[in-house]
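Contents: one structure, followed by commentary.
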Amino acid sequence: MSTLAYDGTAMLGRQLRRIRHNPGLLILTQTMPITMLLFFGYVFGSALAMPGEEYRAFLVPGLLVATAANGIMTGMFQAAQDSHRGVTDRFRTLPMSRAAVPLGQAAADLVVTAAGTVPLLLVGLAVGWRIEGSALEAAGAVGLLLLFRFATTWIGILLGLASRSEEAAGQLGGATFILPLLSNAYIPTDNLPGWLRTAAEWNPISAVTTALRDLFGNAPVPADGAWPVTHPVAGSLAWCAVLIAVFLPLAVRRYALGASPTR
Amino acid sequence: MRYGRHMTTTYAVLSEGLEKRFGEVRALQGLDLAVAEGRVCGVLGPNGAGKTTAVRLLTTLLRPDAGSARVAGHDLVREPAAVRGAIGVTGQYASVDGDLTGRENLRLFAKLHRMRGPTGRTRADELLDRFGLTEAADRPTSTYSGGMRRRLDLAASLVTRPAVLFLDEPTTGLDPHSRNQIWETVRALKSEGTTVLLTTQYLEEADQLADDIVLVDHGRTAHTGSPAELKALIGSCAEVVVAHPDAMSGAAAVLDQLTGSEPAFDEERRAVGVVTTDPTLTLPRLVRELDAAGVPLLDASLRPPTLEDVFLRLTDRKELVT
């Protein structure tokens, strides 16, 4: 385990250095939600029944979670990029922990996401979103957001390692933008047709978004709906636990299998 | 055969019957290798012969379907971590991180080899200096030329002074200057006692660097020996050039009679060639016999074979793909 911690830290450092030299993807994934907040909040928002400011306050937690769900895309892209370059072969021929490479990637992603969320929060504050709950609840919201990011990154790492090429990963990753559209991140789900509402409410993004709205004090927990949405904090924690329990071991195993005979 | 100590020689790489298939493709179907400690072994073969697969197996990147091997005294399948601790690998494609600088790459690999703090930093600087990369050390390696990247790659493989160094086509696609630099490095490593296993398609490279050559064809070990032994195996090459095309058959008849082996023709150059292991066949005798038979000779030569001759002779390929 100390091997894993040591190698994982080295790989974390590597990932952070890579991002520093090449911040394009990071800047894109972090400025996109700000653009969307302004677009949705002022353009689409004007066509909704909800008053503009109220909609923007509703939108900020949704965008935070949708951005966290981008972990699938960035995780996938980075893992695919790595595994189709020779450097991964070199790591595999080094006497280092097998789990360190994906773990370093996920850890670096978490550090970067935590920092990258600040601009979105600031713009959110500027357009009328407020933290209306307690500081403790707000901290819980941020913790939940990062936990969700950590979970989605592992989905991405697994898909990235399994993808045939960087291009294929890029295309599939681009398709993940549809996931928050099928949730309550951008719109309330109350008015959706029955089956679609059920599907959207079982989307993990909905549970985490509802939990954030609750913890930030932006909107009350819905009285009716699917269990993860009516019990958003427990639902979010359960979703994250399931995703991590499934995808982390699969991704680590996939990385090790990629070549290595044992461990 | 027993592994490890064999007579008085210690083998750094010893494999028996290594097999690997990818779906329908049988990339390796019985590779035997014995590389004595401190030697440079050239694994030679045409494209698709299984050279890269062999390196990927021996460096624990792939698991063999059958057969066994020991690298630096460790069993490949049962002790992969110990093998990894003893080897350095430079692949066909540069395996350094393009997003990091040269210095960051070397420091990272030093760290992963458990060289902590200043030890790793000093080693990185030493290697940058040795490979002439100090000036470019703080640029991302994605901006490096092919030769620079390959040099960095080799430097990365030498962070720990490995017991066995694997080089998979280390000079493919390099300019002559970079190629010479890599050759120099291999010679220097050999003099320091490092065992080197290198694959190459370039016969000159094998001739220049290798103490022993393993000729691989269709995923099997076709022949092994020193370059001189392999050349002796096919003897000398006699070639004559005649004045007009009609004289070629006459020349062939004389050569056939002298050597008992089947002549080969080059119509364009009006040349007839033959290989021979007969030590009594000298150039004056060759010329006398042909002249006596009335063959209008323009040119005649009797030369030791090149590795290329050996290669073409001992594998059933018509020509080298380079």
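Just so you know, all these numbers are worked out from the coordinates, no wet-lab data involved. Just so it is clear, the structure is predicted and the values come from calculations on it, not from any experiment. Cβ placement follows ideal geometry from the backbone for every residue including glycine, while neighbour counts extend to all protein chains displayed.
Remarks
- Mean shadow area of chain B over all directions, Cα convex hull, nm²: 20.2 nm²
- A Gaussian network model of chain B, with springs between Cα atoms under 10 Å, assigns the largest mean-square fluctuation among B:VAL310, B:VAL295, B:VAL40 to B:VAL295.
- Column: log10 I(q)/I(0), Debye, Cα scatterers of the protein assembly as shown, q = 0.12 Å⁻¹: -1.11
- Each 10 Å bin from zero up to the one holding the largest Cα-Cα distance in the range B:111-151 carries the following percent of pairs: 28, 48, 24.
- In loop segments of the range B:239-322 as defined by DSSP, the GluC sites (Glu not before Pro) with at most 10 further C-beta atoms inside 10 Å of their C-beta are B:GLU267, B:GLU268, B:GLU319.
- Of B:LEU58, B:LEU28, A:TRP129, farthest towards positive along the dipole that unit charges on Lys, Arg, Asp, Glu beta carbons give the protein assembly as shown: A:TRP129
- Our compactness index for the range B:236-303, the C-alpha radius of gyration over the empirical 2.2 N^0.38 Å, is 0.95.
- Neighbour net charge for A:GLY160 - beta-carbon separation under 10 angstrom, K R +1, D E -1: -1
- Check: the range B:236-303 dipole with +1 on Lys, Arg Cβ and -1 on Asp, Glu Cβ, in debye: 220 debye
- Furthest towards positive pole of dipole, B:LEU174, B:THR122, B:CYS237, structure part the range B:111-242, Cβ charges: B:THR122
- Counting charges near A:VAL229 (Lys, Arg +1; Asp, Glu -1) among other residues having Cβ under 12 Å from its Cβ returns a value of -2.
- Sum of side-chain charges, B:ARG269 neighbourhood, beta-carbon under 10 Å (Lys, Arg +1; Asp, Glu -1): -4
- Rounded to whole Å, sorted largest first: equivalent-ellipsoid semi-axes of the range B:49-102, Cα gyration tensor: 23, 15, 8
- Cα centre as origin, Lys/Arg/Asp/Glu Cβ charges: chain A dipole, Debye: 1080 debye
- Three-way shape call for the range B:129-184 based on the alpha-carbon gyration tensor, with the a/c threshold at 1.5: oblate
- Rounded to 0.05, the FRET efficiency of the A:ALA114 and B:GLU184 pair, given R0 = 41 Å and the Cβ-Cβ distance, is 0.25.
- Sorted by Cβ neighbour density within 10 Å, fewest at the top, the residues B:LEU62, A:LEU161, A:LEU121, A:LEU172: A:LEU121, A:LEU172, B:LEU62, A:LEU161
- Cα Rg over Rh - chain A, Kirkwood: 0.99
- Cα gyration tensor shape for the range B:60-176, rounded if a/c is under 1.5, else prolate or oblate: oblate
- Listed residues A:ALA141, A:GLY86, A:THR35: farthest to the positive end of the dipole of chain A (Cβ charges): A:GLY86
- Segment A:ARG20-A:ALA223, length gained on full extension (0.36 nm per residue, minus Cα span): 68.6 nm
- Degrees, to the nearest 10: A:135-162 long Cα axis against longest axis of chain A: 50 degrees
- Charge dipole of the protein assembly as shown (Cα centre as origin; +1 on each Lys and Arg Cβ, -1 on each Asp and Glu Cβ, all else neutral): 1920 debye, rounded to the nearest 20.
- Spin-label pair B:GLU24-B:GLN257: with each label point 7 Å from Cα along the Cα-Cβ axis, the two points sit 5.2 nm from one another.
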